Every structure is written in C-alpha cells, then in structure tokens.
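Shown next, in structure tokens, is the structure this report addresses.
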Amino acid sequence: MNQKIADKEIGYQNDPNHRIGIRNGQKFQSFYRGLTIYVNATPEQWKLKTISFEEVVELAFPKAPYGENTEFQVLYSDAKGGKEGRLVVGESVEIVKGTRFDVTATDKS
C-alpha cells in the first residue's frame, strides 16, 4: 500500500484490474480498468465482464463491408473457468484477462 501525507494519494498497487485510492478527506474509491483480451491476436481493452458475438465481430472488423452473404465465425479460448468454444449470433461469454478470440469472415455466395 502506498501512502502519501497531505494531498497525496493512498493506493493499493498490487491489483491489476483496479486503481484503489484514498485522498485525505475523501472516501474510498475504486476504478475498474477493464481487461485485456485478444481478438485475432490484437490486444483490446474491454471494460465489461462479458462480451457478445456482435461486439467481438465489431472489434475484429470495425469497418468491414458487411454484405448480406457475409458470415462470421467466432471461436474463443481461455474464458472464465478455462472455457473454450464457439460464439453464435446473440450469445455472450464471460471473459477474464487474456481471453482469446479468433474471428473469420466468409462470403457464402
């Protein structure tokens, strides 16, 4: 725990997901930083504890030309509880730091 006298912050530095601090005269505060996940091997910060199929696709292909024949496949690993599997439209998964997603797009024409 770091302590500071006068206007300095008192903080707990060993928690990788939160920034906890108390300034003189203030109440306890906690700031959730989110988790680092990997989408197609690219690190992404995610602030929620779950992520949906649609959100993963948007992270993987933010400006992709979506045609009526475009289909996406989302595979994940290292999710909460060590789970791995496939996400489909409308589903979500609980994530932890380091959860990995592999997203592919195909045109079924």
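Across the stretch 88-109, which residue is nearest to residue 50 (Cα to Cα) among those that are polar (S, T, N, Q) and not in a strand (DSSP E or B)? Selected residue: 99. Residue count for the stretch 60-95 satisfying the condition of being surrounded by 15 or more Cβ atoms within 10 Å (Cβ to Cβ) and of a type in the set (A, V, I, L, M, F, W, C): 8. Contact annotation: residue pairs with Cβ atoms under 7 Å, 6 or more positions apart or on different chains, pairing a residue in the stretch 61-73 that is charged (D, E, K, R) with a partner that is part of a loop (DSSP other than H, G, I, E, B), are 71/108. Take the residues in the stretch 96-106 that are touching an Asp or Glu at 6+ places or on another chain (Cβ under 8 Å) and farther than 14 Å from residue 38 by Cβ; name whichever of them is surrounded by the most Cβ atoms within 10 Å (Cβ to Cβ). The qualifying residue surrounded by the most Cβ atoms within 10 Å (Cβ to Cβ) is 105. Conditions first: (1) under 15 Å from the mean Cα position of the chain (by Cα); (2) loosely packed, with under 15 Cβ neighbours inside 10 Å. Residue 44 passes all but one, so which condition is the exception? So residue 44 meets the others, but not (2).
Condition check ((1) in a strand (DSSP E or B); (2) at pLDDT below 95; (3) touching a strand residue (DSSP E or B) at 6+ places or on another chain (Cβ under 7 Å)) across all residues:
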residue	(1), (2), (3)
30	yes, yes, yes
38	yes, no, yes
43	yes, no, yes
64	no, yes, yes
72	yes, yes, yes
86	yes, no, yes
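The values are calculated or read from the model by the stated rules, or taken from the named source; none is laboratory data. Since the model is a prediction, treat every value here as computed from it, not as a measurement. Counting neighbours? That spans all protein chains shown, and the Cβs are built from the backbone with ideal geometry, glycine included.
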